[in-house]
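The values are calculated or read from the model by the stated rules, or taken from the named source; none is laboratory data. In this text, all values refer to a predicted model and were calculated from it rather than measured experimentally. Heavy atoms of the whole protein, side chains included, go into the accessibility calculation; ligands, DNA and RNA do not. Shrake-Rupley method; radii C 1.70, N 1.55, O 1.52, S 1.80 Å.
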Amino acid sequence: MARSLVIKVTAGADDPERCNQAFTVAAAALASGVPVSVWLTGEASWFALPGRAKDLGLPHAAPLPDLLDAVLAAGRLTVCTQCAARRDITVDDLIEGVRIAGASAFVEEAVAKDAQALVY
């Protein structure tokens with residue numbers, strides 16, 4: 001089994017290049033058969049809501065909605081519990097398939113045997 005990849009995305013529309021890079025790496029890893037878990041924190045939390053990804057545009061980059069769809073189709077997408085609460089985001093607001101979980105779940109994934117964690 002391949003190593004798993006846990007990616008924490010801390011940037012949203014405030015830093016579109018960094019945000020898009022995280023999703024690009026996630027989609028590339030998934031296309032290569034690597035298990036991927038993406039965690040949305042801070043301003044990236046907004047991309048767990050329907051339609052929000054289309055608002056992020058970045059020249060010469062894959063569209064964020066396409067990358068988000070790739071993660072949802074083959075990986076796991078999680079919003080940080082505290083980040084969701086600070087933005088009044090509830091589980092009922094999320095795109096189908098997205099979950100809300102806390103720091104202990106992130107740590108469990110990040111330190112799992114053969115896991116590699118990246119933070120953008």
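A few notes on this one:
- Of the whole protein surface, Ser4 contributes about 30 Å² of accessible area at a 1.4 Å probe radius.
- Accessible surface, the chain, averaged per residue in Å² (probe 1.4 Å): 52 Å²
- Residue-averaged 222 nm ellipticity for the chain, from DSSP H runs of 4+ at -39500 (n - 2.57), nearest 500: -10000 deg cm²/dmol
- The amide H of Leu5, built 1.01 Å from its N in the peptide plane, has Val36, Ser37, Gln116 as neighbours under 5 Å, considering only residues 5 or more places off or on other chains.
- Here's how it looks for Leu77: its modeled amide H is under 5 Å from those of Val38, Arg99, which are all 5 or more places away or on a different chain.
- Answer label for P(r) over Cα pairs in 10 Å bins from 0, in percent (calculated), chosen among (i) 13, 47, 35, 5, 0; (ii) 13, 40, 28, 16, 3, 0; (iii) 14, 51, 31, 4: (iii)
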